[in-house]
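S.K.: Have a look at this one.
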Amino acid sequence: VRPDGTGDFPTIQAAINMVAVGDTIALADGVFTGEGNRDLDYLGKAIVIRGQSGDPDLAVIDCQGTAEEPHRAFHFHSGETQYAVLRDVTITGGEAAADGGAILCESSPVITNVVFDHNGANRGGAIFVQGGEPQISGCTFTENRGDARAGGIALFGSEATIRDCV
């Protein structure tokens, strides 16, 4: 998927909708914005979404969320397991009125080598986990905001594994 829409699929969500279980969606270098590149849903699929270069600074999902028009990058809520993987991207500009500015997680994906920068919510400015058991590793959290709790990660009723994060 390319930020300008000229790849195999015009948007990240279009790719998710069309790929089969076990597939990998590679995001080309650049900044992904707008409909189809935010408020993303894995649809319960065991797929990998990754930055093609492996450098999270080069594949950026900019949610362009505001208090008036909130948007986050991902909502994991369809029974995703450890075979649903997100890696090697930056998520910025996520804003949620309630929980999970960048990611709202209610299942058990693997999130690795992701940079969370300038995201905000009431709880869990970067990630809010309720239920599920996600594995979060090698991630960097900078300038995220939690108005009531946790600018980085807020966990409620969850046993997330968090390793090697800054």
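S.K.: Could you list, in sequence order, all residues of the range 133-149 that are part of a loop (DSSP other than H, G, I, E, B) and crowded, with 20+ Cβ neighbours inside 10 Å?
M.R.: 134, 139, 144
S.K.: Could you go through the range 56-74 and let me know if any residue there is of a type outside the set (Lys, Arg) and farther than 22 Å from residue 144 by Cβ.
M.R.: No, the range 56-74 contains no residue that is of a type outside the set (Lys, Arg) and farther than 22 Å from residue 144 by Cβ.
S.K.: For the range 4-52, give me the residue count where each residue is more than 17 Å from residue 74 (Cβ to Cβ) and crowded, with 16+ Cβ neighbours inside 10 Å.
M.R.: Counting residues in the range 4-52 that are more than 17 Å from residue 74 (Cβ to Cβ) and crowded, with 16+ Cβ neighbours inside 10 Å gives 3.
One line per residue, one yes/no per condition, for (1) at pLDDT 95 or above; (2) open to solvent by 30 Å² or more (accessible area, probe 1.4 Å):
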site	(1), (2)
91	yes, no
101	yes, no
111	yes, no
117	yes, yes
120	yes, no
131	no, no
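S.K.: If you scan the range 50-84, which residues turn out to be over 18 Å from residue 28 (Cβ atoms) and outside any loop (DSSP other than H, G, I, E, B)?
M.R.: Of the residues in the range 50-84, the ones over 18 Å from residue 28 (Cβ atoms) are 63-72, 74-84.
Once the filter is applied, which keeps residues that are over 18 Å from residue 28 (Cβ atoms) and outside any loop (DSSP other than H, G, I, E, B), the range 50-84 yields 71, 74, 75, 76.
S.K.: When only residues in the range 78-89 that are under 10 Å from the mean Cα position of the chain (by Cα) and crowded, with 22+ Cβ neighbours inside 10 Å count, which is farthest from residue 22 (Cα to Cα)?
M.R.: 89
S.K.: So, in the range 83-120, exactly how many residues are of a type in the set (Val, Ile, Thr) and more than 15 Å from residue 37 (Cα to Cα)?
M.R.: 6
S.K.: If you don't mind, another one. Conditions first: (1) surrounded by fewer than 18 Cβ atoms within 10 Å (Cβ to Cβ); (2) out of contact with any Pro (no Cβ under 6 Å at 6 or more places or on another chain). Residue 154 passes all but one, so which condition is the exception?
M.R.: In the conditions (1) surrounded by fewer than 18 Cβ atoms within 10 Å (Cβ to Cβ); (2) out of contact with any Pro (no Cβ under 6 Å at 6 or more places or on another chain), residue 154 misses (1) alone.
S.K.: Follow-up question, since we're still on this one. Any residue that is out of contact with any His (no Cβ under 9 Å at 6 or more places or on another chain), closer than 24 Å to residue 11 by Cβ, surrounded by 24 or more Cβ atoms within 10 Å (Cβ to Cβ) and at pLDDT 95 or above - is there at least one of those in the range 65-73? Before you say what the answer is, go through the steps one by one.
M.R.: Taking the range 65-73 and keeping what is out of contact with any His (no Cβ under 9 Å at 6 or more places or on another chain), we get 66-73.
With the extra rule that they be closer than 24 Å to residue 11 by Cβ, the set shrinks to 66, 68-73.
Retained after the next criterion (residues that are surrounded by 24 or more Cβ atoms within 10 Å (Cβ to Cβ)): 72-73.
Pick out the ones that are also at pLDDT 95 or above and you get 72-73.
Yes, the range 65-73 contains at least one residue that is out of contact with any His (no Cβ under 9 Å at 6 or more places or on another chain), closer than 24 Å to residue 11 by Cβ, surrounded by 24 or more Cβ atoms within 10 Å (Cβ to Cβ) and at pLDDT 95 or above.
The values are calculated or read from the model by the stated rules, or taken from the named source; none is laboratory data. These figures come from a predicted structure and were not determined experimentally. Heads up, the Cβs are rebuilt from the backbone with ideal geometry, glycines too, and the neighbour counts pull from every protein chain shown. We work out accessible area using only protein heavy atoms, side chains counted, and drop any ligands, DNA or RNA first. Shrake-Rupley method; radii C 1.70, N 1.55, O 1.52, S 1.80 Å.
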